[in-house]
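Peer 1: I am attaching a structure below and will ask some questions about it afterwards.
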Amino acid sequence: MVAKIILYTNKKNKNGYPVVFYFSYKKIRKRIALGWYFFKHQWNFEKEEPFPDAPNFNFVYPQLLNYNHKIKHLIFKSETNLSVYLALFNKDKNVELLDLKKRMNELLNESNVGVLEFFDVIIDEKIKKGESTRFYIKTKDQFKQFLSEDTPLNLIDYTWMHNFILYKKKQGTGDSGIMAYLRTLRAVYKEAQRRPLLNIKNENPFLGIIKTIDSNKIIEFTTDDFIKLLHFKPHKFTPKSILFYNTRVVNLWLFQFVIGGHDFIDIALLKWQNYKNGRLQFKRYKNRNKPGGGVMVNNVVMPFAKWVIDTYGTKDNERIFSFITNPKNETQYTTYRNNYNRSLKAVSKHLKLTTVITSKSTRYIFRSYGGELLLNDLVIMQLQGHKPKQITFNYQNSLPTAIIDVQHQLITDKAGVTKSLNL
């Protein structure tokens, strides 16, 4: 029996020659491409491995060692192990991969569950639990583009992630985006560790890699900016349909601010049952997976906010603003939100606002205004649906609405939108 990994020089494309697993056994001859390509000057034929200065060496070499390790432990043990080893490389749908992988794990006492493979498991489980999968799918796609083929979770280490970071930076992705992808990968990795049968190594390869990226972008928004929005008038030649849409966008953004600087998705999900006795009571979408759904927001509806509900509210629907695509349809909702942000950008330029506003700006601006007024952090956190994490706050009840309503009005008064000047 002959089994080895070689550079197959009888076949070439623009990327070079393919690296293949070659074996022969009795009358069996087989070559299985591993998805890597090198030119002859990049390959050490004596050691059957790429030279250290070859492109992707740091990514390929650890996997090559892993495969060669499996060759030694599987191929020469017994004839029956041939099918097990074939399953490691072969993607033939007729091969019962799951059964063979299980047998292989038993032989090696280590995990070969793939990064992309386990992403699919987590995504499927989240779908069954009714949880959002959008960013998991997006993150999986990023790693699918990075990998020539799926690789075991146990191969994730500093070098593996460093290569991914370099790959994304070359594509122009910023640090915040890269860290978001790696945090999602870490969540998937830790979930795999919780499942003993997967035999994931008991260590944290993400230490020192994932960092909090401080945003240097400061959102400045003046009271004059609020006045411009309250008096918003599109260009005189604007078609009526666009005039109505852009005016509604402006008022919805102001509504987001006035009710506490809440996320657009929370506005989209508001139901009439959340609107009681002049107050909005709801739990933030972001906290949906926390025990009990997180903190209950219970904020007073200021006159301007009431006017927005009365003007744009859809009485014949369960949701207050049913014209906003339901976030349950993630793709269509994302498209709607992107259009909302494009309109806000156009309005910002038209009015020459201090900064270009987005659907996320109100949260930051509301918090900043509260800070400038030297309001107590507990008040602002309660208005925005945050829960203090320090142990001492476990003994802190929610503040009475009579207290937070006064503080709430101080913030909206500062912005000049406790009530609209044109109502």
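The values are calculated or read from the model by the stated rules, or taken from the named source; none is laboratory data. Just so it is clear, the model here is predicted, and its values are computed rather than measured. Ideal geometry is used to build each Cβ from the backbone, glycine not excepted, and the neighbour counts take in all protein chains shown. Calculation scope for accessible area: heavy atoms of the full protein, side chains included, ligands and nucleic acids excluded. Shrake-Rupley method; radii C 1.70, N 1.55, O 1.52, S 1.80 Å.
Peer 1: With respect to the numbered conditions (1) surrounded by 14 or more Cβ atoms within 10 Å (Cβ to Cβ); (2) within 15 Å of F59 (Cβ to Cβ), which one is the sole condition not fulfilled by R186?
Peer 2: Among (1) surrounded by 14 or more Cβ atoms within 10 Å (Cβ to Cβ); (2) within 15 Å of F59 (Cβ to Cβ), the lone unmet condition for R186 is (2).
Peer 1: Let me ask something else. Kindly provide the set of residues from the range 273-306 that are among the basic types (K, R), free of Cβ contacts under 8 Å to residues at least 12 places away in the same chain and part of a loop (DSSP other than H, G, I, E, B), ordered by number.
Peer 2: Our first condition is that a residue be among the basic types (K, R); within the range 273-306, this holds for 276, 279, 283-284, 286, 288, 290, 306.
Filter once more, so that each one left must be free of Cβ contacts under 8 Å to residues at least 12 places away in the same chain: 276, 290.
Residue satisfying the conditions is K290 alone.
Peer 1: So, S398, is that one of a type in the set (G, A, S) and at pLDDT 95 or above or not?
Peer 2: No; evaluated as a whole, the condition is false for this residue.
Peer 1: Say whether the condition of being part of a loop (DSSP other than H, G, I, E, B), basic (K, R) and surrounded by fewer than 19 Cβ atoms within 10 Å (Cβ to Cβ) is met by at least one residue in the range 201-213. First the steps, then the outcome.
Peer 2: If we filter the range 201-213 for residues that are part of a loop (DSSP other than H, G, I, E, B), which is where we start, we get 201-213.
With the extra rule that they be basic (K, R), the set shrinks to 201, 211.
Narrowing further to those that are surrounded by fewer than 19 Cβ atoms within 10 Å (Cβ to Cβ): 201, 211.
For the range 201-213, residues part of a loop (DSSP other than H, G, I, E, B), basic (K, R) and surrounded by fewer than 19 Cβ atoms within 10 Å (Cβ to Cβ): present.
Peer 1: Further question: Quick check on my filter: what residues within the range 1-40 are of a type outside the set (A, V, I, L, M, F, W, C), loosely packed, with under 11 Cβ neighbours inside 10 Å and over 23 Å from L147 (Cα atoms)?
Peer 2: N10, K26, K27, R29
Peer 1: For the range 131-177, which residues satisfy the criterion of being farther than 19 Å from I210 by Cβ, within 18 Å of the chain's Cα centre (by Cα), at pLDDT below 90 and part of a helix (DSSP H, G or I)?
Peer 2: R134
Peer 1: In the range 276-295, what count of residues is obtained for those that are within 18 Å of T401 (Cβ to Cβ) and open to solvent by 60 Å² or more (accessible area, probe 1.4 Å)?
Peer 2: Looking only at that region, the number is 4.
Peer 1: Something else now. Got at least one residue in the range 307-315 being among the polar types (S, T, N, Q) and in a loop (DSSP other than H, G, I, E, B)? Lay out the reasoning, then the answer.
Peer 2: So in the range 307-315, the residues among the polar types (S, T, N, Q) come out as 311, 314.
Of the ones still in play, those that are also in a loop (DSSP other than H, G, I, E, B) are 314.
Yes: one or more hits.
Peer 1: Taking R194 as meeting all but one of (1) touching a Phe, Trp or Tyr at 6+ places or on another chain (Cβ under 8 Å); (2) at pLDDT below 95, write down the number of the exception.
Peer 2: (1)
Peer 1: Another question, if that's okay. Pull up the range 313-342, narrow it to residues that are modelled with pLDDT under 95 and open to solvent by less than 20 Å² (accessible area, probe 1.4 Å), then point me to the one that is nearest to Y285 (Cα to Cα).
Peer 2: In this case the residue turns out to be P327.
Peer 1: Name the residues in the range 356-369 that are β-branched (V, I, T) and open to solvent by 30 Å² or more (accessible area, probe 1.4 Å), would you?
Peer 2: V356, T358, listed by residue number.
Peer 1: Please state which of the following conditions W253 fails to meet, knowing it meets all the rest: (1) assigned to a loop (DSSP other than H, G, I, E, B); (2) within 28 Å of the chain's Cα centre (by Cα); (3) not aliphatic (A, V, I, L, M).
Peer 2: Here W253 meets the rest and fails (1).
Peer 1: Given (1) surrounded by fewer than 18 Cβ atoms within 10 Å (Cβ to Cβ); (2) touching a helix residue (DSSP H, G or I) at 6+ places or on another chain (Cβ under 6 Å), identify the lone condition not met by L353.
Peer 2: So the condition that L353 fails would be (1).
Matching residues to (1) modelled with pLDDT under 80; (2) closer than 24 Å to R186 by Cα:
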site: A33; (1), (2): no, no
site: F45; (1), (2): no, no
site: N66; (1), (2): yes, yes
site: F76; (1), (2): yes, no
site: M104; (1), (2): yes, no
site: E110; (1), (2): yes, yes
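Peer 1: Same structure again: Which numbered condition trips up Q382, out of (1) closer than 25 Å to I219 by Cβ; (2) assigned to a loop (DSSP other than H, G, I, E, B)?
Peer 2: (2)
Peer 1: Something else about it: Among (1) at pLDDT below 90; (2) more than 27 Å from T173 (Cα to Cα), where does Y61 come up short?
Peer 2: The number of the failed condition is (2).
Peer 1: On to the next question. Quick check on my filter: what residues within the range 47-57 are open to solvent by 30 Å² or more (accessible area, probe 1.4 Å), closer than 21 Å to D150 by Cα and at pLDDT 90 or above?
Peer 2: Scanning the range 47-57 gives a single hit, E49.
Peer 1: Need the failing condition index for F244 against (1) at pLDDT below 90; (2) more than 15 Å from the chain's Cα centre (by Cα); (3) open to solvent by 80 Å² or more (accessible area, probe 1.4 Å); (4) over 22 Å from W36 (Cβ atoms), just the number.
Peer 2: (1)
Residues are listed down the side, and each one gets a yes or a no for (1) free of Cβ contacts under 8 Å to residues at least 24 places away in the same chain; (2) open to solvent by 30 Å² or more (accessible area, probe 1.4 Å):
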position	(1), (2)
E131	no, yes
Y136	no, yes
Q142	no, no
Q145	yes, yes
Y181	no, no
Q193	yes, yes
